[in-house]
1. Filter the stretch 155-176 down to the residues that are crowded, with 20+ Cβ neighbours inside 10 Å and away from the ligand (no atom under 16 Å from the Cβ) and list them by number.
2. Would you kindly identify the strands (runs of 3 or more DSSP E) lying entirely within the stretch 325-414 that contain at least 1 residues that are more than 16 Å from the ligand (Cβ to nearest atom) and either surrounded by fewer than 23 Cβ atoms within 10 Å (Cβ to Cβ) or free of Cβ contacts under 8 Å to residues at least 40 places away in the same chain (or both)?
3. Is at least one residue of the stretch 178-194 surrounded by fewer than 18 Cβ atoms within 10 Å (Cβ to Cβ), away from the ligand (no atom under 16 Å from the Cβ) and of a type in the set (A, V, I, L, M)?
4. Tell me which residues, restricted to the stretch 164-189, are among the hydrophobic types (A, V, I, L, M, F, W, C) and part of a helix (DSSP H, G or I).
5. Need a quick list: strands (runs of 3 or more DSSP E) entirely within the stretch 1-117 having at least 1 residues that are within 21 Å of V140 (Cβ to Cβ), at pLDDT 95 or above and among the hydrophobic types (A, V, I, L, M, F, W, C).
6. Conditions first: (1) of a type outside the set (A, V, I, L, M, F, W, C); (2) modelled with pLDDT of 95 or more; (3) assigned to a loop (DSSP other than H, G, I, E, B). N192 passes all but one, so which condition is the exception?
7. Within the bounds of the stretch 32-39, is there any residue that is within 16 Å of the ligand (Cβ to nearest atom), exposed (fewer than 15 other Cβ atoms within 10 Å of the Cβ) and under 20 Å from the mean Cα position of the chain (by Cα)?
8. Given the conditions (1) within 18 Å of D315 (Cβ to Cβ); (2) crowded, with 19+ Cβ neighbours inside 10 Å, report the number of the one that E236 does not fulfil.
Amino acid sequence: MLKIEEKLRKEIEARRGELVALTQDLIRMPTLNPPGHGYLEICEYLDKRLAKKGFETELIRAFGTPGDSEKYPRWNLVARREGSNSGECVHFNSHIDVVEVGNGWSFDPFGGELKDGKIYGRGSCDMKGGLAASIIAVEVFIDLVPNYVGAIEISATADEETGGFGGVAYLAEKGYFSPEKVQHVIIPEPLNKDRICLGHRGVWWAQIETKGHIAHGSMPFLGDCAVRHMGAVLEEMEENLFPALAKRKTDMPVVPEGAKQSTLNINSFHGGLSEPEDGFDGFPAAIVPDSCKMIIDRRYLIEENPEDVRDEVVDLLEKVKKSRDKFEYELHEMWQVPPTMTEKNAPVVSAVAKAIGEVFGREPQYVVSPGTYDQKHIDRIGRMKNCIAYGPGILDLAHQPDEYVGVNDMVESAQVMALSMLDLLAPRE
Ligand SMILES: [Zn+2]
């Protein structure tokens, strides 16, 4: 007699073809975001499949969230299946949106072609492969452990690639991720089949504007150039801020290595006349720019205070102000998400770590993501701390041309997911 663990793994292996077909179906629905194309179609497809398996399903439109319109409605699916007895709930959350295709493809981005054990297409790795793996894992688990206790939930959510406001944030606000309802969350983002992602660094976006005075370009001394003022800000950043950030290291296990420190990206920079329209071949007018704007994207560590992140930039601007005549600036904070990291001994982490040990015969690698993902909303709005990202696929392939997901990786991570459910929801004698 095979042990139940072995039966689960064997059955998932036996459904390899079904897993491939499901992934291909999902890739062939081009859920591009922006603008947020085809959300209803993919939610209805999943709804039909999960309802057949005994799930109670809900289609939820995030009315009034950014981008929601009659043309591009923000649809989400939440499906729940109760077990034989009350207990805890394991929730798998996947985003259904994919980013734009871009150039450089040698495969049809929405063809879902299978070649040499890899399925190609936009969203294959990020994260329709993970969504498909979690569905197969859940279906096999229900078939082989029909008397499980507690509940299983699967959600397919909109807009992760644009901040998640019409997806997980909206659902969290409506109570779908409250600790009374959901106890364990696994987000099958492509972090690799043997790694557990505990959380992410913090993020702070702001716009700095320097002000000047417009004048004729032949007599710049009669005006005041906002771009030169911004130049002084950049110089101060180069000389002091960037070196200081590079020295600030974290104990969070962030990957890749280069992100184990504070970082700042200059996202955009603009001063003076606007860019001419394509095809315009006239000359620019002679003016002194009276405004210069720079958008910064600062990623920070769990060891840093959110207030200090802001104050550091204010101090820098004040320092420049002291050294320059007529220097004026405005700082406009855009958005902010604090860092989050689930404890290594949290129940969902232990269950997945044990399952990775069973499937791969080794300890998992614990990682933290350089950028944020939907865990931020589950943590902050949903007040749910027992949450990780775990799923198949190589993170570096996300958003790239010829994105793919490996079929073996999907099979093995589906096995890990099923064994994790067994650990968390097995009937107790
Ligand atoms: Zn993703």
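The values are calculated or read from the model by the stated rules, or taken from the named source; none is laboratory data. Predicted model only: the values in this text are computed from it and were never measured. Here the Cβ is made from the backbone with ideal geometry for all residues, glycine too, and neighbour counts use every protein chain on show.
1. Y170, L171, A172, Y176
2. 328-337, 365-369, 404-406
3. The first filter runs over the stretch 178-194 and keeps only residues surrounded by fewer than 18 Cβ atoms within 10 Å (Cβ to Cβ), leaving 178-181.
Among the residues that remain, those that are also away from the ligand (no atom under 16 Å from the Cβ) are: 178-181.
Keeping just the survivors that are of a type in the set (A, V, I, L, M) gives none.
Within the stretch 178-194, none of the residues are surrounded by fewer than 18 Cβ atoms within 10 Å (Cβ to Cβ), away from the ligand (no atom under 16 Å from the Cβ) and of a type in the set (A, V, I, L, M).
4. Just the residues of the stretch 164-189 that are among the hydrophobic types (A, V, I, L, M, F, W, C), to begin with: 165, 168-169, 171-172, 177, 182, 185-187.
Within the stretch 164-189, V168, A169, L171, A172 meet the criteria.
5. On the way: elements: 56-61, 75-82, 85-95.
Filter on the stretch 1-117 gives 75-82, 85-95.
6. With (1) of a type outside the set (A, V, I, L, M, F, W, C); (2) modelled with pLDDT of 95 or more; (3) assigned to a loop (DSSP other than H, G, I, E, B) applied to N192, the lone miss is (2).
7. Residues of the stretch 32-39 that are within 16 Å of the ligand (Cβ to nearest atom), as a first pass: 32-34, 36, 39.
Then drop every residue that is not exposed (fewer than 15 other Cβ atoms within 10 Å of the Cβ), which leaves 34.
From the residues that got through so far, the ones that are under 20 Å from the mean Cα position of the chain (by Cα) too are 34.
Checked the stretch 32-39: at least one residue is within 16 Å of the ligand (Cβ to nearest atom), exposed (fewer than 15 other Cβ atoms within 10 Å of the Cβ) and under 20 Å from the mean Cα position of the chain (by Cα).
8. So the condition that E236 fails would be (2).
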